[in-house]
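Data first, discussion second: the structure below is written as structure tokens.
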Amino acid sequence: MIAADRCTGRFAPSPSGPLHFGSLLAALASFVDARARSGRWLVRMEDLDPPREMPGADSLILATLEKHALHWDGTVLYQHSCHARYREILADLSARGLAYRCACSRARLATLGHVYDGYCRTHSPPAGQTCALRLQLPDQVVQFEDRIQGWQQQNLAKGGDCVIHRKDGLFAYQLAVVVDDIDQGVTDIVRGSDILESTGQQIYLGGLLGAGKQQYAHIPVVLGADGLKLSKQNHAPALDDTRPSSNLCRALETLRQNPPGGLDNETPETVLKWAVTHWDITAIPGVNSVTA
Ligand code: GLU
């Protein structure tokens with residue numbers, strides 16, 4: 001474990017495809033925000049879900065980051081190398097009575113409209129049955145100040161107890177993101193606002209696992225012409241690696257950082273240097289989405 005005494009940001013892509021403009025925004029914002037405070041910036045590959053991944057996407061993503069001069073500190077952490085650690089945490093949460101096995105079928109879950117009713121809290125599945133593991137969430141409101149979205153109050157009970165280990169054996173994002181942010185000493189989480197709603201649960205789980213102080217900033221997600229979030233799943237176009245400075249300037253404009261005209265003719269290093277010197281997180285629009 002790394003001591004969380006120095007500002008540490010991170011970019012945590014899932015290797016389901018090459019980087020698109022929306023993910024560049026998250027990479028750039030987290031990088032500049034950390035570097036503006038002389039902090040560390042880490043890259044973590046969230047390869048938890050092999051069926052949804054694209055072979056070779058990790059190398060493409062890392063090459064694109066390098067082309068854009070988004071150089072990370074240390075080595076890239078791959079979540080597939082952390083399974084033993086996740087198992088240890090799951091065993092700990094179960095032993096503390098904070099997580100429980102759930103055998104509810106998809107059909108039953110569908111009738112609940114995606115808000116789990118806690119049935120297996122009181123109806124333990126028989127030993128040996130293949131189960132998911134759920135985190136028992138109290139009826140409690142988590143409050144935090146998001147550096148872009150402002151004051152947040154999230155009711156943990158609203159979404160029902162979340163899955164932290166899936167029935168198919170895969171570890172849930174909600175578990176891995178919290179464990180790794182703690183273990184990597186991440187202090188500053190800057191990412192897309194599509195994850196804002198899950199943050200209360202992550203803060204709660206982090207508290208159970210002894211997380212230090214962490215700040216959050218959720219940037220707007222980028223919508224394509226079809227009004228949907230740019231994502232690898234809906235085949236957002238890959239970034240053109242031959243135009244890194246122009247991509248970076250466009251991203252800075254989207255983040256309302258007002259890069260001067262002509263900066264896109266400079267090297268990506270120069271663009272980033274300008275961005276770090278002039279970084280103003282308060283200028284980022286506090287809306288949930290912007291159009292590409
Ligand atoms: N892996 C997530 C994604 O690609 C990001 C998770 C995070 O930043 O917490 O959307």
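Read-outs throughout are calculated quantities, based only on the coordinates presented, and are distinct from any laboratory measurement. From a predicted model like this one, the values you see are computed outputs, not experimental measurements. Note that we place each Cβ from the backbone using ideal geometry, even for glycine, and neighbour counts take in every protein chain shown.
Observations, loosely collected:
- GNM top mover of 63, 84, 12 - the chain, alpha-carbon springs below 10 Å: 84
- Cβ-defined net charge surrounding residue 119, 12 Å radius [Lys, Arg +1; Asp, Glu -1]: +2
- Beta bridges per DSSP, both residues in the chain: antiparallel share near 45 percent.
- Mean silhouette area of segment 209-292, derived from the convex hull of its C-alpha atoms and averaged over all directions, reads 7.9 nm².
- The calculated P(r) of the chain, using every Cα pair and 5 Å bins from 0, goes 1, 5, 11, 15, 18, 17, 13, 9, 5, 3, 1, 1, 0, 0 in percent.
- Directionally averaged projected area (convex hull, Cα atoms, segment 117-274), nm²: 12.9 nm²
- Hz values of 3J(HN,Hα) by residue in segment 97-103 - Karplus curve (6.51, -1.76, 1.60), Gly and Pro given as x: x, 9, 9, 9, 7, 9, 10
- 3J(HN,Hα) along segment 194-203, derived from phi through the Karplus expression 6.51 cos²θ - 1.76 cosθ + 1.60 where θ = phi - 60°, amounts to 5, 9, 3, 4, 8, 5, x, 4, 5, 5 Hz, with x in place of Gly and Pro.
- Partners for residue 167 among lysines (Cα-Cα distance below 26 Å; same-chain residues under 8 apart left out): 158, 232
- Computed from the C-beta positions of residue 75 and residue 235, the FRET efficiency with R₀ = 22 Å rounds to 0.15.
- Cysteines without a disulfide-compatible partner [the chain; Cβ-Cβ under 4.7 Å]: 7, 82, 104, 131, 162, 249
- Among beta bridges from DSSP that stay inside segment 1-140, the antiparallel ones total about 40%.
- Against the chain, whose longest principal axis comes from its Cα atoms, helix 83-95 is set at around 40 degrees.
- Net charge, residue 259 excluded, C-beta distance under 11 Å - Lys, Arg +1, Asp, Glu -1: -1
- Per residue, the chain reaches -9500 deg cm²/dmol at 222 nm when only DSSP H runs of four or more residues are counted, each adding -39500 (n - 2.57).
- Where both bridge residues fall in segment 141-257, DSSP classifies roughly 55% of the beta bridges as antiparallel.
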